[in-house]
Every structure is written in C-alpha cells, then in structure tokens.
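Q: Structure in structure tokens, see below.
The values are calculated or read from the model by the stated rules, or taken from the named source; none is laboratory data. Predicted, not measured: the structure shown is a model, and the values here were computed from it. Positions of Cβ are backbone-derived with ideal geometry, glycine not excepted, and every protein chain shown enters the neighbour counts. Each accessible area value is taken on the protein alone, full model and side chains, heavy atoms only, with ligands, DNA and RNA left out. Shrake-Rupley method; radii C 1.70, N 1.55, O 1.52, S 1.80 Å.
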Amino acid sequence: MYSILSQGRQGFRDHQVWGKMRYPLRRLTAMLKLYDLNLSPNAFKVRAVLHELELPFETIPVDIMQGGGQTPEYLAKNPNGKVPVLEDGEFVLWESNAIIKYLARLKPEAGLLPEDARPLARLDQWLFWQSGHYYTPIINLAVEKMFKPMAGKEPDAVLVASLTQDFLRLTQVLNQGLTGREFLLGRISVADFALASTLVPRQQLGLDISAFPAVAAWIERMEARESWKKAK
Ligand SMILES: N[C@@H](CCC(=O)N[C@@H](CS)C(=O)NCC(=O)O)C(=O)O
C-alpha cells in the first residue's frame with residue numbers, strides 16, 4: 001500500500017495505481033483548472049459541484065463557437081474537442097459525470113458520493129441515463145432552436161415536436177424517480193447536480209416542467225443552493 005503523503009505528486013500516474021489506493025490524492029497544492037463554456041449545461045454541473053464542495057478552481061473559457069475546441073493544444077486535453085475538461089496537476093479528465101465523481105472523491109466528507117454498492121449503482125444509473133438519454137433531446141433542441149437561428153437557419157418543426165415529446169417522456173421518468181424523495185438518492189449527491197444541470201436551458205428552449213411536480217419542486221431546491229447560484 002502506498003502512503004498517500006510520502007508518495008508525493010510528481011510521477012503519480014492514475015492508471016498505475018489503480019486498485020492500490022482507496023481514494024485519489026487530495027489536491028494539496030495545485031489549483032484545479034476547469035476548461036469551461038458558460039452556455040454549457042455539462043460545464044455548469046462541474047462548476048456547481050466545485051462550488052458545493054468549496055474547492056478552489058480557476059476557469060479557462062474555451063470558445064467552442066470559434067473553434068477553440070479544435071486547436072491541437074485543446075485536442076491534446078480532450079480529443080473530442082468538447083467542454084468540460086478538468087485538470088488537476090498532470091491529471092486531465094473529460095466527461096462531466098466522471099469529473100463530478102472525481103471531485104466528490106476529493107472531499108468524501110461532503111457526502112456527495114455514496115460508498116455502498118447499491119446507492120453507488122443507483123447514482124451511476126442516473127449519471128448514465130443523463131448522458132445517454134436525457135441530454136439527447138436537450139442538445140438537439142438547442143441545435144434547432146438556438147444554434148440554427150444564430151446561423152440564420154430555420155428550425156425543423158417536425159424534429160422539434162418529436163424532440164419535445166422525447167423530453168416529456170424522459171422527464172416523466174425523472175419525475176417518477178423523484179416522487180416521494182427530496183433528491184434522487186434520498187439525500188443530495190452528484191446525481192442531482194448532473195440531472196438538474198441538464199434542465200438549465202429549459203426556458204430558452206421553451207420546455208415546460210410544470211406538469212412534473214416532483215421535478216419542479218426539486219429544481220427549486222437545487223436552484224436555491226448557494227453553489228448553484230455561484231455557478232450561474
Ligand atoms: N458527455 C459529455 C458531453 C460534452 C458536450 O457535449 N459538451 C458540449 C457543450 S454542453 C460541447 O463542448 N460541444 C462542442 C462540440 O460539440 O463541438 C460530457 O458530459 O462532458
């Protein structure tokens with residue numbers, strides 16, 4: 001077993017110590033860096049979790065619209081050319097849900113990540129569902145209703161109607177998951193940040209969640225948090 005303190009940060013490679021350490025090293029010195037885009041719900045979720053955990057960080061805005069995600073320097077950090085990316089010293093991580101789990105592990109005492117197998121599996125269920133399902137109609141509606149008009153193009157009305165139906169069907173799933181509980185796992189966890197951030201652009205996209213009372217009440221609870229307000 002490595003000693004966390006004696007190992008030091010230089011030469012640390014996350015893939016070499018897999019299975020040998022229960023927790024990643026705590027960041028003792030280096031400032032966390034977030035490659036960020038204000039408009040992005042996935043970057044928002046990371047900002048909100050950083051604030052919730054009170055972890056100091058600096059943001060590096062990436063001008064995705066002007067090709068900032070496609071420079072060789074940025075592609076070396078994230079070959080997908082997308083935001084967010086977290087840099088913790090030499091450790092570079094993309095995929096927002098992986099990032100927020102990592103951050104929660106840096107401060108386990110905050111309790112945003114359960115330890116037991118079943119609640120952890122439930123948390124993963126919601127994180128995978130967010131990136132694999134719930135985000136899809138939202139990002140495609142953003143293309144139709146925001147990005148196309150910005151480029152002087154008309155949205156595809158048939159596609160908008162079908163994406164809106166998908167959004168409503170999936171929001172019913174979320175509503176069911178939240179019925180009878182304050183947060184997805186009962187108590188607040190990174191799953192709430194992941195899912196609620198997906199709903200940040202709902203008003204610009206003309207999406208109404210008032211037919212989903214558990215979702216509407218939960219979003220209000222999330223929006224009332226200081227961390228949420230700071231991430232805005
Ligand atoms: N599954 C990824 C999605 C990342 C993503 O789609 N980011 C968008 C902003 S929300 C982006 O950078 N898009 C730029 C592009 O597609 O070129 C995550 O959760 O981090």
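Q: Please work out how much length the chain gains when fully extended from residue 176 to residue 136, using 0.36 nm per residue of separation minus the C-alpha to C-alpha distance, in nm with one decimal. List each step's numbers first, then the result.
A: Working: separation 40, 0.36 × 40 = 14.40 nm, distance 1.94 nm.
Length gained between residue 176 and residue 136: 12.5 nm.
Q: Pairs of alpha-carbon atoms within less than 8 angstrom and 6+ residues apart define the contacts here; what relative contact order does the chain have, in percent? Please list the in-between numbers first.
A: Values: 258 pairs, mean separation 51.2, N = 232.
About 22 percent, as a whole number.
Q: When the accessible area of the chain is computed with all protein chains present and a 1.4 Å probe, what percentage of it is carbon and sulfur? Provide the component values of the computation, followed by the final result.
A: Details: 6820 of 12460 Å².
So the carbon and sulfur contribution to the accessible surface is 55 percent.
Q: Per the helix-only calculation at 222 nm, which mean residue ellipticity applies to the chain, given -39500 (n - 2.57) for every DSSP H run of n ≥ 4 and division by its residues, nearest 500 deg cm²/dmol? Numbers along the way, then the final one.
A: On the way: 10 runs with 103 residues, N = 232.
That comes out to -13000 deg cm²/dmol.
Q: Still on this model: Taking the chain, how much of its Cα-Cα pair set, in percent, is spaced more than 30 angstrom apart? Can you show the working numbers first?
A: Values: 7561 of 26796 pairs.
The share of Cα pairs beyond 30 Å in the chain comes to 28 percent.
Q: Can you name the helices of the chain, as whole DSSP H runs, whose Cα span along the helix axis is 30 Å or more and whose Kyte-Doolittle mean is not below 0.0? List each step's numbers first, then the result.
A: Details: long enough: 157-178 (31 Å, 0.78).
The answer, listed by residue number, is 157-178.
Q: Considering only 103, 136, 231, whose Cα is most displaced toward the positive end of the charge dipole of the chain, charges sitting on Cβ of Lys, Arg (+1) and Asp, Glu (-1)?
A: 103
Q: Could you order the peptides 78-91, 33-46 from most to least packed, using the average number of other C-beta atoms within 10 Å per residue? Walk me through the numbers on the way to the answer.
A: Details: 78-91: 18.2, 33-46: 21.5.
In decreasing order of mean packing, 78-91, 33-46 become 33-46, 78-91.
Q: Extension gain residue 54-residue 143, at 0.36 nm per residue separation less the Cα-Cα distance, in nm? Please report the intermediate quantities before stating the final value.
A: Values: separation 89, 0.36 × 89 = 32.04 nm, distance 3.32 nm.
Taking residue 54 through residue 143 to full extension adds about 28.7 nm, to one decimal.
Q: Using the crude model of +1 on Lys and Arg Cβ and -1 on Asp and Glu Cβ, and no other charge, please compute the dipole size for the chain relative to its Cα centre, in debye to 20. The partial results should precede the final answer.
A: Details: 28 positive and 25 negative charges, 86 e Å.
Taking the Cα centre of the chain as origin, the dipole is about 420 debye.
Q: Step by step: find N for segment 117-177, compute 2.2 N^0.38 Å, then divide the Cα radius of gyration by it. What's the final number?
A: Values: Rg = 14.6 Å, N = 61, 2.2 N^0.38 = 10.5 Å.
It is 1.39.
Q: Given 33/229; 107/232; 107/229; 33/145, which pairs have Cα atoms separated by over 26 Å?
A: On the way: 33/229 20 Å; 107/232 22 Å; 107/229 21 Å; 33/145 31 Å.
Result: 33/145 exceed 26 Å.
Q: Please give the direction-averaged projected area of the C-alpha convex hull for segment 117-231, in square nanometres with one decimal. Walk me through the intermediate numbers first.
A: On the way: hull surface 30.2 nm².
Taking the Cα atoms of segment 117-231, their convex hull projects to 7.5 nm² on average.
Q: Cut-off under 12 Å on the C-alpha distance; same-chain residues fewer than 8 positions from residue 230 excluded. Which aspartates and glutamates are left, in chain and number order?
A: Residue 230 reaches 52, 54.
Q: What is the packing order of peptides 64-70, 148-154, 217-223, taking the mean over residues of other C-beta atoms within 10 Å and listing the highest first? Before the final figure, lay out the partial values.
A: Details: 64-70: 13.4, 148-154: 9.4, 217-223: 15.7.
With the highest mean Cβ count within 10 Å placed first, the list reads 217-223, 64-70, 148-154.
Q: Restricting to the chain, compute how many DSSP beta bridges are antiparallel as a %, nearest 5. Please list the in-between numbers first.
A: Details: 9 of 14 bridges.
Around 65 percent of the beta bridges assigned by DSSP in the chain are antiparallel ones.
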